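A.B. asks: Here's a structure for you.
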Amino acid sequence: MINAKEIYYILLKAYGQPRWWSDDPFVVMLQSVLVQNTTWSSVEKTCAMFVNQLTPEYIEDLSTEELEQIIRPCGFYKAKARTIQALTAWYRKYHFDRQAVHEVPMPRLRKELLSIRGVGAETADVILVYAFYKASFIIDAYTRRFLFRLGYNFSDDTAIKLFFEKELPEDAQFYGWYHWLILEHCISVCKKTPKCDICFLNGDCRQKLPK
Ligand code: SF4
């Protein structure tokens, strides 16, 4: 069966150089919470309302009610406001300094992030990879469905993580690009109803739909 590296290079050939989430670590943190259970367009509209004030200093000066009102279009705004405030307080412990966070070992950072209410494994790994360049492969619903369709039958997310991490270089940039390619593939081709006839992986896929 096709391996993790082979999948990467097929996706890279199909979709070209992947994008990065954002160069601003705080934007990644905030958006990774806002995007939970909502659409990306709602996140973009909400972020636009911050104008040029999407900074941890600005967020920590807002009252809970003010923050809730701004992020309301993203849904679950009370829970998300609480999580954003807790994440901002966590980042404050590092003086809002990306490099200071980056210097902490990944397992310790992951544990700290997972202890914040509203931050699950997917959100923690998005923050680790895209905000702080720490290598922890991101597993989301798209990744699970995509691998299942290819023919893999993993017992849980830990096994999926291992599938990627044991074969790939331990490199946050590589992980970030790979996750972006999977997103791109699952949004445009391997959708709920997949377009297998135009898929670059259809020769290696167990669940490809017949033409
Ligand atoms: S062949 Fe179809 S099911 Fe398989 S990866 Fe491609 S789009 Fe998805």
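Values in this text are rule-based calculations from the coordinates and carry no lab data. Predicted, not measured: the structure shown is a model, and the values here were computed from it. When we count neighbours, we look across all protein chains shown, and the Cβ atoms used for this are built from the backbone with ideal geometry, even at glycine.
A.B. asks: So between GLU60 and ASP156, what do we pick up on full extension, going 0.36 nm a residue minus the alpha carbon distance? Write down the numbers at each step before the final one.
C.D. replies: On the way: separation 96, 0.36 × 96 = 34.56 nm, distance 3.67 nm.
30.9 nm is the gain from fully extending GLU60 to ASP156.
A.B. asks: Please state the relative contact order of segment 73-211 as a whole percent: Cα pairs under 8 Å, 6+ residues apart? Show your work: numbers first, answer last.
C.D. replies: On the way: 119 pairs, mean separation 27.2, N = 139.
Computed over segment 73-211, the figure is 20 percent.
A.B. asks: Which whole-number percent gives the relative contact order of segment 25-131, counting Cα pairs below 8 Å spaced six or more residues apart?
C.D. replies: Details: 91 pairs, mean separation 38.1, N = 107.
Rounded, it is 36 percent for segment 25-131.
A.B. asks: Could you quote the convex hull projected area for segment 25-131, Cα atoms only and averaged over all directions, in nm²? Could the numbers behind the result be given before it?
C.D. replies: Working: hull surface 24.0 nm².
Answer in nm², one decimal: 6.0.
A.B. asks: Kindly flag which residue pairs out of LYS93/LYS134; LYS80/LYS191; LYS45/LYS80 have an alpha-carbon separation exceeding 21 Å in this structure. Display every interim value, and only then the final one.
C.D. replies: Numbers: LYS93/LYS134 18 Å; LYS80/LYS191 28 Å; LYS45/LYS80 16 Å.
Flagged as over cut-off: LYS80/LYS191.
A.B. asks: Using the Cα centre as the reference, give the magnitude of the dipole from point charges on the C-beta atoms of the chain (Lys, Arg: +1; Asp, Glu: -1; all else neutral), rounded to the nearest 20 debye.
C.D. replies: Numbers: 27 positive and 25 negative charges, 176 e Å.
Dipole of the chain, to the nearest 20 debye: 840 debye.
A.B. asks: Going toward the positive end of the dipole of the chain, with +1 on Lys and Arg Cβ and -1 on Asp and Glu Cβ, which of TYR175, VAL104, PHE148 do you reach last?
C.D. replies: Towards the positive end, the residue furthest out is PHE148.
A.B. asks: Further, regarding this structure: Find the Cα radius of gyration of the chain, compare it with 2.2 N^0.38 Å by division, and give the number to two decimals.
C.D. replies: On the way: Rg = 18.1 Å, N = 211, 2.2 N^0.38 = 16.8 Å.
For the chain, the normalised Cα radius of gyration comes out at 1.08.
A.B. asks: Just to confirm my numbers, what's the Cα centroid distance between segment 1-67 and segment 163-211 in Å?
C.D. replies: Between the Cα centre of segment 1-67 and that of segment 163-211, the gap is 20 Å.
A.B. asks: Once every DSSP H run of n ≥ 4 in the chain is given -39500 (n - 2.57) and the sum is divided by its residues, what mean residue ellipticity at 222 nm do you get, rounded to the nearest 500 deg cm²/dmol? If you can, show how the numbers build up before the last one.
C.D. replies: Working: 12 runs with 117 residues, N = 211.
Rounded to the nearest 500, it is -16000 deg cm²/dmol.
A.B. asks: While we're here: Mind checking which lysines have their Cα closer than 20 Å to the Cα of LYS195? Skip sequence neighbours fewer than 8 apart in that chain.
C.D. replies: Cross-link targets: LYS13, LYS208, LYS211.
A.B. asks: At what distance in nm do the modelled label points of THR38 and ASP204 sit from each other, each positioned 7 Å from its Cα along Cα→Cβ?
C.D. replies: It is 3.7 nm.
A.B. asks: I would also like to ask the following. Per-residue counts of other Cβ atoms within 10 Å, averaged by peptide: what ranking do you get for 121-127, 192-198, 5-11, 43-49, highest first? Kindly include the intermediate steps, with their values, before the conclusion.
C.D. replies: Details: 121-127: 22.3, 192-198: 11.9, 5-11: 16.6, 43-49: 15.0.
By packing density, highest mean first, the sequence is 121-127, 5-11, 43-49, 192-198.
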